[in-house]
Each structure stands twice: as C-alpha cells, then as structure tokens.
Amino acid sequence: MELNSLYQEVILDHYKRPHHKGLSELKDIQVHHVNPSCGDEVTLNLSISGGIVSDISWDGVGCSISQASTSIMTDLVLGQTVAHAYKILDNFSELMASKGTMVGDEALLDDAVALAGVSKFPARVKCALLGWMAFKDASVQAIDGSEKA
Ligand code: ZN
C-alpha cells in the first residue's frame, strides 16, 4: 500500500503515540468492535452529556491504519456536539467510499485526511472505519440510554 510520505508520517505518529488511548473510568457506554478480515479490535468508552461528547477513550490492537484512525477520530469528536461529530463521521465515511477520488475536507477532517489514500484499498477501508463505527454504535446507545433514564 502506498500513501504519500507526509500522510504516512501522520498515520505512524498516531499509531506510535495514540491519543486518548487507555480506557477512562468515565463512561456511559462501552462497546467492543472487531474487524475480522484484518484482526483489528477496538474497545471504546464514551460519555455524552448535554448533547456533547464529554469523554472518549479507547484501547485496541491491530494494524497501524485501524489504530491511527481511532486515535484521530477521538481527537476530532471529543468536546464536539454529537451532531457535529456525526457530520465529521459522514464526511469521513464518504471519503473512505471514494475509491481514491476524494482528498478530504481538511477543515473538517484535520489529520483524518491523511487516511484518504486508504480508500483506494477496499480491504483496508474497514480498518480505517473500525473506530468510527464503534463511536457511532456507542453514541446511539448512549443517547438511547439517556432518553430512557
Ligand atoms: Zn487493519
């Protein structure tokens, strides 16, 4: 897989020094997602209060794409409204479905644009989306839970 070298550096940096890794005690919900095709695993703890992603932390094992993408995702959504986090997630999902035809909106996606090249490799798209799908799942459950409470 060839990605441009600047982007490769961003990905390796998040892989080696992941952000918000190490599960926090603060959580409304915990989810565990796996990507069997690559062997990637992510456990995500999430708290949402007042419609804002107030805490997010994770732990995981797997390839550099899956782990870096999860690290980048946590940076992007922490402190944001859930609505804005979904906007970022939709934009990133669209980028990952683009088969290399999109470069990504850097204003919205920040470091996640480094993963744009992954969209050319369908087998790796699931790696890049793993943490994001875990966030989506956890946020839906957290919101459901708070409505019932
Ligand atoms: Zn992977």
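What the table below lists for this structure:
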| item | result |
| --- | --- |
| Theoretical gain in end-to-end length, ASP137 to ASN4 [0.36 nm per residue, Cα-Cα removed] | 44.8 nm |
| Cross-link pairs LYS87/LYS136; LYS16/LYS99; LYS27/LYS126; LYS21/LYS99; LYS87/LYS126; LYS16/LYS87 - those with Cα-Cα distance over 23 Å | LYS16/LYS99; LYS27/LYS126; LYS21/LYS99; LYS16/LYS87 |
| Extension gain (nm, one decimal) between SER64 and ASP105, 0.36 nm per residue minus Cα-Cα | 12.6 nm |
| Residue list for region 22-61, given a label point 7 angstrom along the Cα-to-Cβ vector of LYS16 and an amide N cut-off under 16 Å | none |
| Counting DSSP beta bridges with both ends in the chain, the antiparallel % (nearest 5) | 95 percent |
| Relative contact order [Cα under 8 Å, 6+ residues apart], region 1-83, whole percent | 32 percent |
| Fully extended contour minus Cα-Cα distance, from ASP75 to LEU23, at 0.36 nm per residue | 17.2 nm |
| 10 Å Cβ shell holding at most 12 others, DSSP loop, GluC sites (Glu not before Pro): longest site-free stretch of the chain | 26-149 |
| Cα-derived Rg over Rh, computed across the chain with Rh taken as Kirkwood radius | 0.96 |
| The chain: calculated mean residue ellipticity at 222 nm from DSSP helix runs of at least 4, using -39500 (n - 2.57) | -15500 deg cm²/dmol |
| Principal-axis tilt of helix 122-148 within the chain, Cα atoms, nearest 10 degrees | 10 degrees |
| Angle in degrees between helix 64-77 and the longest Cα principal axis of the chain, rounded to the nearest 10 | 50 degrees |
| Point-to-point label distance, PHE121-SER98, nm (Cα→Cβ direction, 7 Å offset) | 1.8 nm |
| Tilt relative to the chain, helix 5-16 - C-alpha long axis, 0 to 90 degrees, to 10 | 40 degrees |
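Readers should treat all values here as calculations from the given coordinates under stated rules, not as data from a laboratory. On a predicted model such as this, the values are computed, not experimentally measured, just so you know. Every residue, glycine among them, receives a Cβ derived from its backbone with ideal geometry; neighbour counts consider all protein chains shown.
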